[in-house]
Amino acid sequence: MPLLGLLPRRAWASLLSQLLRPPCASCTGAVRCQSQVAEAVLTSQLKAHQEKPNFIIKTPKGTRDLSPQHMVVREKILDLVISCFKRHGAKGMDTPAFELKETLTEKYGEDSGLMYDLKDQGGELLSLRYDLTVPFARYLAMNKVKKMKRYHVGKVWRRESPTIVQGRYREFCQCDFDIAGQFDPMIPDAECLKIMCEILSGLQLGDFLIKVNDRRIVDGMFAVCGVPESKFRAICSSIDKLDKMAWKDVRHEMVVKKGLAPEVADRIGDYVQCHGGVSLVEQMFQDPRLSQNKQALEGLGDLKLLFEYLTLFGIADKISFDLSLARGLDYYTGVIYEAMLLQTPTQAGEEPLNVGSVAAGGRYDGLVGMFDPKGHKVPCVGLSIGVERIFYIVEQRMKTKGEKVRTTETQVFVATPQKNFLQERLKLIAELWDSGIKAEMLYKNNPKLLTQLHYCESTGIPLVVIIGEQELKEGVIKIRSVASREEVAIKRENFVAEIQKRLSES
């Protein structure tokens with residue numbers, strides 16, 4: 001009897017007392033029916049659960065519930081982001097929340113240890129997706145897709161220490177836009193940066209700056225500074241922390257923890273302090289060390305072309321060539337970028353919010369080939385919008401301003417001042433629904449009129465239609481404006497058209 005193995009030891013006494021009851025009418029002798037045994041087991045389990053001391057009801061660490069108020073704000077953000085993606089011709093898609101573990105391993109460098117592994121469920125080792133990029137590359141390779149412009153909105157999971165006060169969670173939503181295919185240099189990359197600018201400007205988060213660099217420049221910089229090739233990715237991961245840690249702490253990590261020679265670290269330090277516009281690109285072309293590296297020269301050439309396109313798009317003033325930008329993920333191969341808020345709008349006396357980057361991305365030309373049996377590559381470039389951090393900023397701003405959020409979109413409320421009018425209300429609301437109008441009513445036979453009107457005021461419903469004895473007798477419906485409290489009588493057959501007219505004018 002496998003059910004018995006599920007019971008904790010302290011539940012046995014309860015189970016035995018249940019089983020010592022007289023058998024049910026359908027049982028014979030001492031033989032118990034399965035239903036009676038199952039009932040005893042479940043009852044004992046429930047009692048054992050109820051006896052658990054210090055049980056706290058909470059969400060798992062690094063996760064959160066989203067209230068109806070939260071969802072209204074989040075949906076507005078997502079609507080703006082998705083509409084921008086669609087404006088640029090992207091198609092929507094989705095992938096499973098979990099993948100084969102081998103699909104995800106060795107794609108994220110040092111961050112691979114942050115993946116959530118699932119228990120073996122029938123012979124497959126699985127992990128929750130860490131981002132939306134690797135599953136997209138797997139999809140392209142599996143379906144032999146050579147060209148695609150797609151967007152994807154979905155949850156991802158990372159087993160890192162969450163910082164809730166900065167909008168960092170273990171479970172969070174990402175909004176990705178990617179262009180896959182062989183195209184002329186830097187045209188898709190420039191469009192990705194244009195999209196980031198459109199979204200961040202549209203969300204009105206305040207001034208922002210997008211840092212750009214190129215993985216080939218990063219690797220070239222490491223090579224000319226004397227970093228052993230075997231340490232490139234490890235040192236890259238350290239450099240990626242410069243937006244969170246001071247240079248002396250990053251240097252300490254590289255030298256003490258990763259065994260880099262101090263003089264090599266100091267040479268890197270000279271480079272990572274450089275940032276500017278296209279003039280810095282020209283300056284790096286003349287750098288005595290960097291100009292001797294073929295990889296770095298290729299990256300600088302592409303960045304020069306990129307800045308030409310960004311100027312034509314009218315966004316070059318929002319872009320900074322920053323040699324400290326490294327992007328720690330292993331799959332990046334070319335241009336990389338990351339958007340930072342310079343400061344969030346604050347009220348007097350309010351502390352500025354520091355949430356780090358709010359969008360990032362880059363070029364990953366080799367990732368699809370890692371899944372293709374013949375190693376066929378599909379060049380890709382993309383971006384990811386950090387919805388949780390943006391949501392945190394908007395949420396804090398609304399709290400400061402005391403803004404209220406309407407959680408429903410109801411346009412009309414169906415009310416009555418008298419008893420025994422449920423049937424008439426049901427007829428009216430059905431007509432409204434069938435006409436595509438968002439409508440509500442109270443689920444009571446005889447609600448008080450004042451209760452109904454208070455509900456409209458508290459939830460922000462703009463119009464009320466009222467049916468009572470007098471209206472029924474005269475063949476009219478009263479339409480009441482909740483804001484002005486003005487009422488007009490409209491013929492019963494014309495009330496839907498009148499409401500549609502009022503809603504279109506509001």
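For the reader, a short list of remarks on this structure follows.
- For Arg480, net neighbour charge (Lys/Arg +1, Asp/Glu -1) across residues whose Cβ lies under 9 Å away: 0
- Using Cβ point charges alone (K and R +1, D and E -1), the dipole size of the stretch 412-505 about the Cα centre works out to roughly 200 debye.
- Shape index of the stretch 294-333: Rg/Rh, with Rg the Cα radius of gyration and Rh the Kirkwood radius from the inverse mean 1/r over Cα pairs, equals 1.02.
- Tensor-based shape of the stretch 412-505 (alpha-carbon gyration tensor, a/c under 1.5 rounded, otherwise prolate or oblate): rounded
- Taking a straight Cα-Cα cut-off under 16 Å and skipping sequence neighbours fewer than 8 places away in the same chain, the lysines within cross-link reach of Lys491 are Lys427, Lys473, Lys478, Lys501.
- In the list (1) 46; (2) 36; (3) 20, the label attached to percent of Cα pairs over 40 Å apart as derived from the coordinates here is (1).
- Packing rank of 290-297, 214-221, where each peptide gets the mean count of other beta carbons within 10 Å, highest leading: 214-221, 290-297
- Along the axis of the charge dipole computed for the chain (Cβ charges of +1 for Lys and Arg, -1 for Asp and Glu, origin at the Cα centre), the listed residues Ile467, Leu114, His70 are led at the positive end by Ile467.
- Annotation: per residue accessible area for the chain equals 52 Å², rounded to a whole number [probe 1.4 Å, protein chains only].
- Between the stretch 386-450 and the stretch 73-110, the Cα center-to-center distance that results, in Å: 32 Å
- Exposure rule at most 16 other beta-carbon atoms within 10 Å, DSSP loop GluC sites (Glu not before Pro): the chain longest free segment: 161-349
- The distance between label points at Glu403 and Leu449 comes to 3.7 nm (points 7 Å beyond Cα on the Cα→Cβ vector).
- For the residue pairs Lys91/Lys146; Lys147/Lys377; Lys61/Lys101, alpha carbon separations beyond 18 Å are given by Lys61/Lys101.
- Candidate lysines for bridging to Lys401, where Cα separation is under 25 Å - those fewer than 8 sequence places away on the same chain excluded: Lys76
- Based on DSSP H segments of at least four residues, each scored -39500 (n - 2.57), the chain has a per-residue ellipticity at 222 nm of -12000 deg cm²/dmol.
- With a cut-off of 12 Å between beta carbons, the residues surrounding Ala497 carry a summed charge of +1, where Lys and Arg count +1 and Asp and Glu -1.
- Counting only protein heavy atoms and using a 1.4 Å probe, the accessible area of Asp317 comes to about 120 Å².
- Accessible-area composition of the stretch 76-120, carbon plus sulfur, in percent [1.4 Å probe]: 52 percent
- Amide hydrogen proximity for Cys175: with H placed 1.01 Å from N in the peptide plane, the residues at 5 or more positions away or on another chain lying under 5 Å are Ile385, Val387.
- When the surface is traced with a 1.4 Å probe over the full set of protein chains, Thr400 keeps roughly 60 Å² accessible.
- Rolling a 1.4 angstrom probe over the stretch 208-324 with all protein chains present gives an accessible area of which 52% lies on carbon and sulfur atoms.
- Other residues whose C-beta falls under 13 angstrom from the C-beta of Asp117 contribute a net charge of +1, scoring Lys and Arg +1 and Asp and Glu -1.
- Antiparallel %, DSSP beta bridges [both residues in the chain], to 5: 80 percent
- In plain terms, the chain from Gln283 to Asn54 could stretch by 76.1 nm, reckoned as 0.36 nm per residue minus the Cα-Cα distance.
- When the Cα positions of Leu312, Phe85, Pro262 are compared along the charge dipole of the chain, Phe85 comes out farthest toward the positive end, with charges on each C-beta of Lys, Arg, Asp and Glu.
- Charged side chains reduced to their Cβ positions (Lys and Arg at +1, Asp and Glu at -1) give the chain a dipole of some 1660 debye around its Cα centre.
- When the charge dipole of the chain is built from unit charges on Cβ atoms (+1 for Lys and Arg, -1 for Asp and Glu) and taken about the Cα centre, the candidate among Ile479, Phe371, Gln396 whose Cα reaches farthest toward its positive end is Ile479.
- Per atom type, the stretch 412-505 shows carbon and sulfur on 50% of its accessible surface, probed at 1.4 Å.
The values are calculated or read from the model by the stated rules, or taken from the named source; none is laboratory data. Here the structure is a predicted model, which means the values were calculated and not measured. In this analysis, Cβ positions are derived from the backbone assuming ideal geometry, glycine residues included, and neighbour counts consider all displayed protein chains. The protein model used for the area step is the full one, side chains on, heavy atoms only, and it has no ligands, DNA or RNA in it. Shrake-Rupley method; radii C 1.70, N 1.55, O 1.52, S 1.80 Å.
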